[in-house]
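What follows is a short report on a single structure.
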Amino acid sequence: MKLAIVGFGQAGGKVLDEFIAFDERTRGSVVRGALAVNTAKADLQGLEHVPADRRVLIGQTRVKGHGVGGDNELGAEIAEEDVGEIQRAVDDVPTHEIDAFLVVAGLGGGTGSGGAPVLAKQLKRVYSEPVYGLGILPGSDEGGLYTLNAARSFQTFVREADNVMVFDNDGWRHGGESLKGGYDAINEELVRRLNVLFSAGEVDRGDAVAESVVDASEIINTLGNGGVSSIGYAVDHVDRGDSGLLSRFSKKKLPDADATNRITSLVRKATLGRLTLPCEVQGVERALIVVAGPPEYLDRKGIERGRTWLEEQTGSMEVRGGDFPMPDEDSVACAVLLSGVTDVPRVKQLQAVAVEAMENLDDLRERSDANLDALLDAGDEELPPLF
Ligand code: GDP
């Protein structure tokens, strides 16, 4: 499946950067169009893989390239004002070659949090291709303002996009690393998952033919229109000996008695392990399993069994599955897309903390107005204002 990816704000830009780097490393072709949008010039300059002419600085008259300082209302206002400028940059994307748009943003900040829903709305208005969101939730230790920003942006993003895939930073912070190093590792994990998923639609890569093909329309049908998704992932190293070279030239199956079990166990591990957004699997509306790896390990029966198992777990009749041959790999990876998730404790908690933060902010504002009045109170005498 080919995507035009817009990275909005700092986190969005960095994830887009990693998407491009990943494609370069794996000779993949998921990213057909790329655009990084920001109000902060320094963040755009910090990107390493997004070409210079695919970086758009917005809001220059308002914030002069310095960013919006975590104010997502200002982020949304600027995106609305400069939506024409963003649109002109999107116009350069060969939209006839893409299957969907993906708008990526950290929802706890200002620029991406405010701008991503505005852009999703614009793209939906102009194009017939689906518009998906990738929303990154802030860690719960980041404080009330981030939580409030994320809760408000999340609601609007879900309303405007065809589906929002969610990644919760909360469960992914690697201990003991610098924040930057930590984010780099997190972004790589996130992009690897999405890549297995979206590569699946690319059936004509090299000489390998998928046994049970997943095409772009199946990913699109699984994402549906409207809703929230979470993604699971598991990987298993395989010892190929010198069969790797051989399998590049022949599609002949090598004997592997465990191939079926390996795949069913990967499907379970991916579903029950760490999801990008922890959620209750029972009740998920639709799901898609993609298994990627050397062709001789992609066992159709294993995928079928995994599918049946996931149908039982979710209670959904809409579980799709397929494979994606990667002849050069020495591992089998499985990505599971859970679409239409509804039982998500983290989102409930986010909303509750956000409401509390909003009340606290109102309180603080009132108190600070009262304190200022008290400070300036000159007693019984009225001082005349200067002008
Ligand atoms: P913006 O530039 O104003 O849109 O703000 P940011 O993109 O910096 O958004 C801030 C939020 O995004 C923070 O709450 C972090 O949780 C998250 N964040 C920032 N950078 C990264 C990153 O590289 N990766 C991930 N996963 N999250 C990030």
## Note on the structure
In a Gaussian network model of the chain with springs linking alpha carbons closer than 10 Å, the residue among S339, S153, S331 that fluctuates most is S331
### Query
Separation between the H66 and R27 pseudo-spin-labels, each 7 Å from Cα along Cα→Cβ, expressed in nm?
4.9 nm
### Query
Roughly how many debye, to the nearest 20, is the charge dipole of the chain about its Cα centre, given +1 on each Lys and Arg Cβ, -1 on each Asp and Glu Cβ, and no other charges?
1520 debye
### Task
Calculate the length of the line joining the C-alpha centroid of the stretch 29-47 to that of the stretch 297-370, in whole Å.
26 Å
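Work through the residues other than Y132 whose Cβ is under 12 Å from its Cβ and net out their charges, Lys, Arg +1 and Asp, Glu -1. Write down the numbers at each step before the final one.
On the way: positive: K124; negative: D99, E129, E160, D162.
Around Y132, the surrounding residues sum to -3.
Please compute the per residue accessible area over the stretch 294-387 with all protein chains in place, 1.4 Å probe, rounded to a whole number of Å².
Values: 5820 Å² over 94 residues.
Per-residue value: 62 Å².
Per 0.36 nm of contour for each residue apart, how much would the distance between Q349 and E97 grow if the chain were fully extended, relative to their Cα-Cα spacing? Could the numbers behind the result be given before it?
Details: separation 252, 0.36 × 252 = 90.72 nm, distance 3.99 nm.
The span from Q349 to E97 would gain 86.7 nm if fully extended.
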### For the stretch 80-146: accessible area per residue (Å², 1.4 Å)
37 Å²
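Once every DSSP H run of n ≥ 4 in the chain is given -39500 (n - 2.57) and the sum is divided by its residues, what mean residue ellipticity at 222 nm do you get, rounded to the nearest 500 deg cm²/dmol?
Theoretical 222 nm ellipticity from helices: -14500 deg cm²/dmol.
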### Task
Might you work out the accessible area of E329 for me, using a 1.4 Å probe with all protein chains in place, and round it to the nearest 10 Å²?
70 Å²
#### Entry: Cross-link table K124/K348; K269/K301; K64/K124; K14/K41; K121/K269, entries beyond 24 Å C-alpha to C-alpha
K124/K348; K64/K124; K121/K269
### Task
Considering the options A100, V90, G9, tell which one lies farthest towards the positive end of the dipole of the stretch 1-134, charges being +1 on Lys and Arg and -1 on Asp and Glu at the Cβ, about the Cα centre.
A100
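In whole percent, how big is the carbon plus sulfur part of the accessible area of the chain, probe 1.4 Å, protein atoms only? Show your work: numbers first, answer last.
On the way: 8920 of 17960 Å².
Ligands and nucleic acids excluded, carbon and sulfur reach 50 percent.
Compute the Rg to Rh ratio over the chain from the alpha carbon atoms, using the Kirkwood formula for Rh, and round to two decimal places.
Numbers: Rg = 23.3 Å, Rh = 22.1 Å.
Reported Rg/Rh, Kirkwood definition of Rh: 1.05.
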#### Entry: Within the stretch 3-199, percent of DSSP bridges classed antiparallel, to nearest 5
5 percent
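Looking at the chain only, what percent of DSSP beta bridges run antiparallel? Nearest 5 please. Please report the intermediate quantities before stating the final value.
Numbers: 17 of 55 bridges.
Of those bridges, close to 30 percent are antiparallel.
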### Message
Using a Gaussian network model on the chain with a 10 Å cutoff between Cα atoms, which of K269, K64, K14 fluctuates the most?
### Response
K64
### Query
With springs only between Cα atoms under 10 Å, which of D215, D258, D343 fluctuates most in a Gaussian network model of the chain?
D258
### Message
Going by amide H atoms built from the backbone, whose H comes under 5 Å of the H on N163, apart from near neighbours?
### Response
G133, G226
### Label zone at D258, where the point sits 7 Å out along the Cα-to-Cβ direction: the stretch 331-350 residues whose backbone N lies under 18 Å
331-334
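The values are calculated or read from the model by the stated rules, or taken from the named source; none is laboratory data. Every value quoted in this text rests on a predicted model; they were computed, and no experiment measured them. Here the Cβ is made from the backbone with ideal geometry for all residues, glycine too, and neighbour counts use every protein chain on show. With ligands, DNA and RNA removed, areas are computed over all heavy atoms of the protein, side chains included. Shrake-Rupley method; radii C 1.70, N 1.55, O 1.52, S 1.80 Å.
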